[in-house]
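Engineer: If you scroll down you'll find the structure; I have some questions about it.
The values are calculated or read from the model by the stated rules, or taken from the named source; none is laboratory data. On a predicted model such as this, the values are computed, not experimentally measured, just so you know. Cβ placement follows ideal geometry from the backbone for every residue including glycine, while neighbour counts extend to all protein chains displayed.
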Amino acid sequence: MRFDDASEDAGESRVYELGFHLDPELPTEEVKKAYQEIRALIAGKGAVVAESEPMKIPLAYTISRQETSGRRDFDSAYFSWVVYEATAPNHAEIISATNADTRIIRFIDLITTKDAARHAVEMRELSLKAPERPEDAETALGAELDAALENVVV
């Protein structure tokens, strides 16, 4: 289902979340530049509510894109998001500019709330503070048991 906010009052602001994947082959400085340009566009057309700087992640599935040189497949990308408040006309301009940016391989724009954005920021901060869990708990337990057994005095 597509939501068309053009039918709304043009002066009324809504809160949106723009999530986007940037090309993983971009140099680090270009990734930062692309993110800053998107953020500046949003800040110029509305108000930034919350954000997350780009982080390289593996993708859950391969994204393919047809380019002039042929098809390109992406298995990773730099992911970022910005929650912002804007009017319908400004929102349309943000989406148009995002769609035209060739550094972005895929994006999604959703209607959200400020409370949901704050919650997302809190959850991200918690996940960054949480200790990394071993992928194989049984192996980790075995290593701990081995270490404990080495210190046993018989």
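Engineer: For Ala34, all conditions in the list (1) in contact with a helix residue (DSSP H, G or I) (Cβ under 7 Å, 6 or more places away or on another chain); (2) not in a strand (DSSP E or B) hold save one; what is the number of the exception?
Structural biologist: Ala34 satisfies all of (1) in contact with a helix residue (DSSP H, G or I) (Cβ under 7 Å, 6 or more places away or on another chain); (2) not in a strand (DSSP E or B) except (1).
Engineer: Would you confirm, using the coordinates I've provided, whether Ala77 is in a helix (DSSP H, G or I), at pLDDT 95 or above and buried (at least 17 other Cβ atoms within 10 Å of the Cβ)?
Structural biologist: no
Engineer: Let me ask another. Report yes if Ala86 is of a type outside the set (Phe, Trp, Tyr), closer than 19 Å to Arg39 by Cα, exposed (fewer than 10 other Cβ atoms within 10 Å of the Cβ) and modelled with pLDDT of 90 or more, otherwise no.
Structural biologist: In short, no.
Engineer: Identify all residues within the range 49-62 that are more than 12 Å from the chain's Cα centre (by Cα) and either assigned to a helix (DSSP H, G or I) or surrounded by 13 or more Cβ atoms within 10 Å (Cβ to Cβ) (or both); write none if there are none.
Structural biologist: Selection gives Val49 alone.
Engineer: Determine which member of the set Glu53, Glu67, Glu93 is at pLDDT below 95 and in contact with a helix residue (DSSP H, G or I) (Cβ under 8 Å, 6 or more places away or on another chain).
Structural biologist: None of the other options fit; the residue is Glu53.
Engineer: Only one residue in Gly46, Gly11 is over 16 Å from the mean Cα position of the chain (by Cα), buried (at least 16 other Cβ atoms within 10 Å of the Cβ) and touching a residue at least 40 places away in the same chain (Cβ under 8 Å), so which one is that?
Structural biologist: Checking each option against the conditions leaves just Gly46.
Engineer: Go through the range 89-136 residue by residue and tally those that are crowded, with 16+ Cβ neighbours inside 10 Å, more than 14 Å from the chain's Cα centre (by Cα) and assigned to a strand (DSSP E or B).
Structural biologist: The number of residues fulfilling the criteria is 1.
Engineer: Same structure, new question: Quick check on Ser69: is it within 17 Å of the chain's Cα centre (by Cα), more than 30 Å from Gly11 (Cβ to Cβ) and free of Cβ contacts under 8 Å to residues at least 60 places away in the same chain?
Structural biologist: no
Engineer: Being in contact (Cβ under 8 Å) with a residue 60 or more places away in the chain and within 14 Å of Thr98 (Cα to Cα) is the filter here; which residues of the range 20-36 pass it?
Structural biologist: Phe20, His21, Leu22, Asp23, Ala34
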